[in-house]
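The values are calculated or read from the model by the stated rules, or taken from the named source; none is laboratory data. Computed from a predicted model, the values in this text were never measured in an experiment. Glycine also receives a Cβ, built like all others from the backbone with ideal geometry; neighbour counts cover every protein chain displayed.
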Amino acid sequence: MRWREILFTAFYTGYIPLLPGTAGTLLALIIYVLEFLLFGKICWLINLVIVLVMLYPAIRLGDSGEKFFGEKDSPKIVLDEVMGYWISVLFYPFSWQIAILAFLIFRVLDIIKPYPARKLQDLHGGLGVMIDDYIAGIYTNLIILIIILLSLVFDFSIFY
């Protein structure tokens, strides 16, 4: 069970007493930066592979986390924030602007839980743990796309 605990708490960042979700998201950002430093321009592809490989196992790890902590969607389970952040930056080439913007937007959306995230988090087990963050990640990704498109249309260069 120890390796599962390491994963669903995102290397124990879920045990940080204040703002464990933010700590988990920050870890996801750090890993994303490390992907860039190690793999350069193809880090978006590495990120895609990680997300695809981890989508279902993360749900199962959410199940394990709920059993381990004995509560529904324990705040100590932060793998959902990690996955949500990685979905937020999915398909984008690395840039500090996108990495930080995704962090900020994702945190806001994870907290406010726009429709249907709040409703779907009531689903049973790991799916309920993960789904709201998957949705927040998708919304964040789309908001970043809109910002990029607007920056091209109105010729403001925050991304290049």
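Condition test on SER88, is it small (Gly, Ala, Ser), modelled with pLDDT of 95 or more, touching a helix residue (DSSP H, G or I) at 6+ places or on another chain (Cβ under 7 Å) and under 19 Å from GLN121 (Cα atoms)? Here the answer is yes, as SER88 does meet what is asked. Restricting the stretch 37-62 to residues that are surrounded by fewer than 20 Cβ atoms within 10 Å (Cβ to Cβ) and touching a helix residue (DSSP H, G or I) at 6+ places or on another chain (Cβ under 7 Å), which is farthest from ILE100 (Cα to Cα)? Here the answer is ARG60.
Residues of the stretch 56-75 that are in a loop (DSSP other than H, G, I, E, B) and of a type in the set (A, V, I, L, M): none at all. Condition check for PHE11 on (1) more than 20 Å from ILE59 (Cα to Cα); (2) not in a helix (DSSP H, G or I): one failure, at (1).
For the stretch 133-156, taking the residues that are at pLDDT below 95 and surrounded by 14 or more Cβ atoms within 10 Å (Cβ to Cβ), the one that is farthest from the chain's Cα centre (by Cα) is identified as SER151.
If only residues of the stretch 115-126 that are buried (at least 16 other Cβ atoms within 10 Å of the Cβ) and on the phi < 0 side of the Ramachandran plot are counted, the one that is modelled with the highest pLDDT is GLY126.
Within the stretch 19-45, the set of residues being among the hydrophobic types (A, V, I, L, M, F, W, C) and either farther than 24 Å from GLY126 by Cα or touching a Lys or Arg at 6+ places or on another chain (Cβ under 7 Å) (or both) comprises ILE30, VAL33, LEU34, PHE36, LEU37, LEU38, PHE39, ILE42, CYS43, TRP44, LEU45.
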